[in-house]
Amino acid sequence: MQATMTVRTDQKLKEEFTKLCGEFGMSANTAFNIFMHAVMETGSIPFSIGRKHDARQRLSNSLLAAHQEAVRKNLPELTMEEIDAEIAAARAERRAKQKDAV
């Protein structure tokens, strides 16, 4: 089952983000999916949040790193159904581990 996510953002930022993602060879949708997978895999935001670096450069570096990791791990681009199935399987595995620990 697929789900739609709506994100409100500045129009110029959206255009620049979409263009940058295109330069990486992916859509903005793919970039968000990569980001969500990285968050779920690490259990954290996969980049530091702070004022030390330019936000655009930090975002660019993070998306590029997530994309390179996906390529390095030979991860195929997933459909929403496949993403949902992976999440469901991970949750079931976590519940089983928690049940065994009790």
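Summary table below
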{"item": "Boolean, ALA66 is small (Gly, Ala, Ser) and assigned to a helix (DSSP H, G or I)", "result": "yes"}
{"item": "Filtered residues of segment 10-28 (kept if within 23 Å of ALA65 (Cα to Cα) and of a type in the set (S, T, N, Q))", "result": "THR18, SER27"}
{"item": "Within segment 7-28, tally of residues that are closer than 19 Å to ASN74 by Cβ and loosely packed, with under 13 Cβ neighbours inside 10 Å", "result": "1"}
{"item": "Residue match in segment 29-44 (condition: of a type in the set (Asp, Glu), loosely packed, with under 12 Cβ neighbours inside 10 Å and at pLDDT 80 or above)", "result": "no"}
{"item": "Within segment 74-102, tally of residues that are in a loop (DSSP other than H, G, I, E, B) and more than 21 Å from SER27 (Cβ to Cβ)", "result": "1"}
{"item": "Scan of segment 72-102 for residues that are farther than 20 Å from ALA3 by Cβ and modelled with pLDDT of 80 or more, ordered by number", "result": "ARG72, LYS73, ASN74, GLU93, ARG94, ARG95, ALA96, LYS97, GLN98, LYS99, ASP100, ALA101"}
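Yes or no, residue by residue, for (1) in a loop (DSSP other than H, G, I, E, B); (2) among the polar types (S, T, N, Q); (3) over 21 Å from MET80 (Cα atoms); (4) at pLDDT below 85:
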residue	(1), (2), (3), (4)
LYS12	no, no, yes, no
LEU20	no, no, yes, no
ARG51	yes, no, yes, yes
GLN57	no, yes, yes, yes
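The values are calculated or read from the model by the stated rules, or taken from the named source; none is laboratory data. On a predicted model such as this, the values are computed, not experimentally measured, just so you know. With ideal geometry, Cβ positions are generated from the backbone for all residues, glycine too; neighbour counts draw on all protein chains shown.
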